[in-house]
Amino acid sequence: MSDWYWIFGNLKWNSLVFFHAFESPSASEEIAAGAALMVILGGLWLVWLLTVKGWWRPLWRDWLTSPDHKKIGIMYVVVALVMLARAVAEAVVMRLQQAVAVNDPGFLSADHFGQLFSTHGTIMIFFMAMPFLTGVINYVMPQQIGARDVSFPVMNAVSLALTTAGAVLVMVSLVFGQFETGGWTAYPPYTGIRFSPGEGVDYWIWAVSLSSIGTTLSGINFAVTIYKERAPGMTLMRMPLFTWTTLCTAILMIFAMIPLTAATAMLALDRYAGFHFFTTDKGGDMMNYANLFWLFGHPEVYILILPAFGVFSEVIPVFSGKRLYGYTSLVWATMAIAVLSFTVWLHHFFTMGQSANLNAVFGFATMTIGVPTGVKVYDWMLTMYRGRLRFTTAMLFSVMFLVTFVVGGITGVMLANPTVDFATHNTLFLVAHFHNMLIPGLLFGMIAAMQFWFPKAFGFRLDERWGKISFWCWSIGFYVAFMPLYALGLMGAMRRSFEWYQPEFLPYLVVAAGGALLILCGLIALFVQLWVSVKHRDQLRVPAGDPWDAHSLEWMSAAPAPEWNFAVIPEVHGREAFLEAKRDGTAYLPPERYEDIHLPAHSAMAPLIGVGALALGFGLTWHIWWMVAAGFIGIWAVVIARSFVTDTGHVIPADVVQREHERWLELVRNTPAVDRGVEQQSENLGHAEAVI
Amino acid sequence: MRLARYLNSGGAARAGALLLAALSLAGCADLGFINPAGPVAAAQRDHLWSILWWMMPVVVPLFVLLPLILWRYRYRGAGDYRPDWTHSNQFEVLIWGLPVIIVGVLGYNLWVETVEMDPYKPLPGGEPMQIQVIGYDWKWLFLYPEQGVSTVNALYLPVNRPVEFELTSASVLQSFLIPKLGGQIYAMPGMITKQNLKGDVAGDYIGLNTQYNGNNFTDQHFDVHVVPEASFDAWVTHVKDSGAPALDEKMLAALQVPSVPEAPDLFSTAPDGAFEGVVEQAMVKGTCGI
């Protein structure tokens, strides 16, 4: 224990990643130092940009303290995109390492490689996928049900702050110290204090804990919002499919995050306080961790995939110019998946040595999920049947999802069989399988959502040309990167291998690395698309708000929508509320009267809690106890202070609402309605000529 | 122009993808359980392919019909347009019925195969030979209690003779897999698992720990030699007579130190209770690589 322990805890001068690059220079250390440098330079660039543009005040006033679900949603997606960039870059580095590491140590150290696959998985699940889908849900769902905000708007901001604090903690681990090497699942006893004594596992524990608490709160928020805030007339069986999948996801979040929070808390007690939950001695049992983790982990898969299913259920009918086929089937299938997802977790460790009958029960349960999923795929196909298909970027990603997801489904049914799983567990076959589910089943969905709802959020469409370039890179890249992994897995290639001893693997690994580079191109094209679209926003604008001739309520307002979403809460008479209003000619009629609108007031609580949570996480990771105390007390001080605030809302006067709304109605009247043939051209100003 | 629009809809990528997938599966080198060297791997491979074939009735319609739909119902295409068609009882029966039937068949199959291929169940072909396996950081110790020899990282198996492995770990969670023989089971500290295997094709194969356990994880592989019965007996005699050291307390303690052996080690004994001792020690003192 050094003299400075009370100030810096375990943090030392040589905890800085740069230190190693100077002390023992190697390619591996330089890559680590380069990554750390990018984090620091990125941070400095952001500070510089905010200062030069004078954006600090607007950032604080309009965004960080905002309880507006739309802004919170957008911020979630920004976090997700930043983390996506890092995790894809890590994937490329790992693929390159594996491609050159056949009977050769390659350019990374084993330890660095271990950190890479651990951060890649942790980020992709907790800090890319979760924020992305939470952001999309936040942005879309309240508008889709005709609400003005979620039920607990400030808690919503707190969720974002906690998740972001976790993401920042993972980013900080690039600069200070090491991350863990036990993978995103962090199985003890390897991650116990005896085998992983450093700060790495602690980074993981606290980052994931923050994220899981944030997600639990989000789940509660979404479920309550859907139950309580629906517009009059919107019965459960009239909710858009995306709202349905959100409801199922929210329920899964509420129940599934708890075992994870418990597991990380117990692992933390083992590591910090000498408990024996998961140690080998004194009655600890590491397989209890596996049970708890996957009791979360399998429903988590459906938390990730169901919102994307919802997105496809919105995108496919809209771009098929047709109502959704098999609504009732899709609702039941979604619910069935949500329920079944809690009954299959043991298939993640068929190899534990339990009885064959037990394995058979869980294997069979796993396989039954194939039924509702298959039904969904057919439903989407039948939605396109007898439609008029328009292949926008969002639609292309949806179609590619269908095909690719079915391939993943086949291997999923294979892996549901314990016998097949025995031979392929922990191999690249498994890695290929879950990427085959999550890249189409999550990422393509989220990208499609971004393409679809971006014009709603910002008032201009995304550039279609770069969107399609990105689509092709992602799609082809996916197949080139992951099909070889199936073959490698069947040949007995292990996951998480930093080096290989079978020269037969080489061609497959080289091809897979090429695929990873293509995916990287896809990601870059996505960012170029954003940049190009912002630059050409005048030609892409769709102020009237309905660029795609869409069906659901969120499109029944200007783009971007006013802070209060709807001047008057709409009455719902059927499933495709906006579509029906357009058909009846009631979509753009002025209401009989306007009323004052009550909205939640801005609050500094969430960002302050975020800062406190970050201090808490960092302090715990490095044993800086004063920081832990400060973070903990700070968080609760903010919560207590907030409880004394009585004025938690503000009122938008009816005349402001009226002025704003009538301006939009007039804009719609003056905007020529265009047919779908010119949808992707600058004539499309967001007023759709009715096709149906 | 039409073709270009079609290509844009993803047809080409699909065709390419399927081709790539087919090539990937067909082109596997002579490794892994799909080129089996034992009955367990062979059964697992057969099961894998049978699932693939049984999936065809549900996936082929999709792969065939989806491109047709994309083409026929493209914007300004020739297909009829029924925007309000949202339900059909016939289709509902088909899209729920077909997957239910297939999953029913596959599920039944799953149950039978899972029980039949329980790794704890001895394989036919006579009394199984016992081998005790201990996973260390980053090596495997094999004890042959009947033969009275032990090895590190070298597994000799007589061809066509069933073998029952008993496994535990002296470090963290590990996972034991010989791809060519099939099967996989965890080796866990303080616990014992079992795996029955048999090699029916003589040859030299690789065995693995597939569960990440630190920097030298990838080095923790071992040589598997499936040899004729006579050669196996000769090998046992050779180990006993070659002056290989006994596997005593000191040797067992030395194995606890994390290391990657350069070459397989041989020991002329397989002391009674050594395996159980490791299991017990894990429960009492825990395991620690450092």
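Numbers below:
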quantity: Counted residues, the stretch A:234-293 - those being surrounded by fewer than 18 Cβ atoms within 10 Å (Cβ to Cβ), closer than 29 Å to A:ILE316 by Cβ and within 14 Å of chain B (Cβ to nearest Cβ); calculated: 1
quantity: Residues (away from chain B (no Cβ under 14 Å), touching a Ser or Thr at 6+ places or on another chain (Cβ under 9 Å), open to solvent by less than 20 Å² (accessible area, probe 1.4 Å) and assigned to a helix (DSSP H, G or I)) located in the stretch A:449-480; calculated: A:GLN451, A:PHE452, A:LYS456
quantity: Close pairs (6 angstrom Cβ cut-off, 6 or more residues apart or separate chains): more than 12 Å from chain B (Cβ to nearest Cβ) and within 17 Å of A:ASN103 (Cβ to Cβ) in the stretch A:503-523, open to solvent by 10 Å² or more (accessible area, probe 1.4 Å) and among the hydroxyl-bearing types (Ser, Thr, Tyr) anywhere; calculated: none
quantity: In the stretch B:193-243, the residues that are among the hydrophobic types (A, V, I, L, M, F, W, C), open to solvent by 30 Å² or more (accessible area, probe 1.4 Å) and at the interface with chain A (Cβ under 8 Å from one of its Cβ atoms); calculated: B:ILE206
quantity: Per-region count, the stretch B:82-104, residues touching a Phe, Trp or Tyr at 6+ places or on another chain (Cβ under 9 Å) and more than 9 Å from chain A (Cβ to nearest Cβ); calculated: 0
quantity: Residue list for the stretch B:120-174, restricted to those being among the β-branched types (Val, Ile, Thr), assigned to a loop (DSSP other than H, G, I, E, B) and within 16 Å of B:ASP223 (Cβ to Cβ); calculated: B:VAL159
quantity: Search result, residues across the stretch A:487-502 that are within 7 Å of another protein chain (Cβ to nearest Cβ) and open to solvent by 10 Å² or more (accessible area, probe 1.4 Å); calculated: A:MET494, A:ARG496, A:PHE498, A:GLU499, A:TYR501, A:GLN502
quantity: Restricting the stretch A:19-70 to residues that are farther than 18 Å from A:LEU608 by Cα and among the β-branched types (Val, Ile, Thr), the residue that is least open to solvent (accessible area, probe 1.4 Å); calculated: A:VAL39
quantity: Qualifying positions in the stretch A:6-18 - surrounded by 14 or more Cβ atoms within 10 Å (Cβ to Cβ), farther than 24 Å from A:MET94 by Cα and of a type outside the set (D, E, K, R); calculated: A:PHE8, A:GLY9, A:ASN10, A:LEU11
quantity: Filter result for the condition that a residue is buried (at least 24 other Cβ atoms within 10 Å of the Cβ), within 15 Å of A:PHE296 (Cα to Cα) and at pLDDT 95 or above, over A:SER159, A:SER211; calculated: A:SER211
quantity: Among residues of the stretch B:69-87, those that are over 22 Å from A:THR373 (Cβ atoms) and either open to solvent by 60 Å² or more (accessible area, probe 1.4 Å) or of a type in the set (A, V, I, L, M, F, W, C) (or both), counted; calculated: 8
quantity: Test: B:GLY79 is more than 19 Å from A:TYR327 (Cα to Cα) and at the interface with another protein chain (Cβ under 8 Å from one of its Cβ atoms); calculated: yes
quantity: Members of the stretch B:208-235 found to be among the β-branched types (Val, Ile, Thr) and in contact (Cβ under 8 Å) with a residue 12 or more places away in the chain, listed by number; calculated: B:THR210, B:VAL224, B:VAL226, B:VAL227
quantity: Within the stretch A:592-649, tally of residues that are open to solvent by 30 Å² or more (accessible area, probe 1.4 Å), among the hydrophobic types (A, V, I, L, M, F, W, C) and not in a helix (DSSP H, G or I); calculated: 3
quantity: So A:ILE226, is it open to solvent by 30 Å² or more (accessible area, probe 1.4 Å) and assigned to a helix (DSSP H, G or I); calculated: no
quantity: Given (1) under 23 Å from the mean Cα position of the chain (by Cα); (2) more than 10 Å from every other protein chain (Cβ to nearest Cβ); (3) part of a helix (DSSP H, G or I); (4) of a type outside the set (Ser, Thr, Tyr), number of the condition A:PHE397 does not satisfy; calculated: (2)
quantity: Contacts under 8 angstrom Cβ, first residue in the stretch B:181-206 being without any contact (Cβ under 8 Å) to a residue 24 or more places away in the chain, partner part of a strand (DSSP E or B) and open to solvent by 20 Å² or more (accessible area, probe 1.4 Å), 6 or more apart; calculated: B:ASP204/B:ASP223; B:ASP204/B:HIS225
quantity: Residue pairs meeting the criteria (Cβ under 9 Å; at least 6 apart or on separate chains; first over 12 Å from A:THR368 (Cα atoms), in the stretch B:104-122; second open to solvent by less than 50 Å² (accessible area, probe 1.4 Å) and assigned to a loop (DSSP other than H, G, I, E, B)); calculated: B:ASN109/A:ASN417; B:GLU113/A:ASN417; B:THR114/A:ASN417; B:PRO119/A:GLY353; B:TYR120/A:GLY353; B:PRO122/B:PRO128; B:PRO122/B:PRO162
quantity: Among the residues listed as B:PRO145, B:PRO128, B:PRO122, B:PRO158, the single one being surrounded by fewer than 23 Cβ atoms within 10 Å (Cβ to Cβ), at pLDDT 95 or above, within 18 Å of the chain's Cα centre (by Cα) and not charged (D, E, K, R); calculated: B:PRO122
quantity: Test result for A:MET381, out of contact with any Phe, Trp or Tyr (no Cβ under 9 Å at 6 or more places or on another chain) and of a type in the set (A, V, I, L, M); calculated: no
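Conditions tested, residue by residue: (1) within 23 Å of A:PHE349 (Cα to Cα); (2) at the interface with chain B (Cβ under 10 Å from one of its Cβ atoms); (3) open to solvent by less than 10 Å² (accessible area, probe 1.4 Å).
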site	(1), (2), (3)
A:PRO372	no, yes, yes
A:ARG390	no, yes, no
A:THR393	no, no, yes
A:VAL420	yes, yes, yes
A:HIS435	yes, no, no
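The values are calculated or read from the model by the stated rules, or taken from the named source; none is laboratory data. Treat the numbers as computed from the prediction; the structure is a model and nothing was measured. Counting neighbours? That spans all protein chains shown, and the Cβs are built from the backbone with ideal geometry, glycine included. These accessible areas exclude ligands, DNA and RNA; they are computed on the full protein's heavy atoms, side chains included. Shrake-Rupley method; radii C 1.70, N 1.55, O 1.52, S 1.80 Å.
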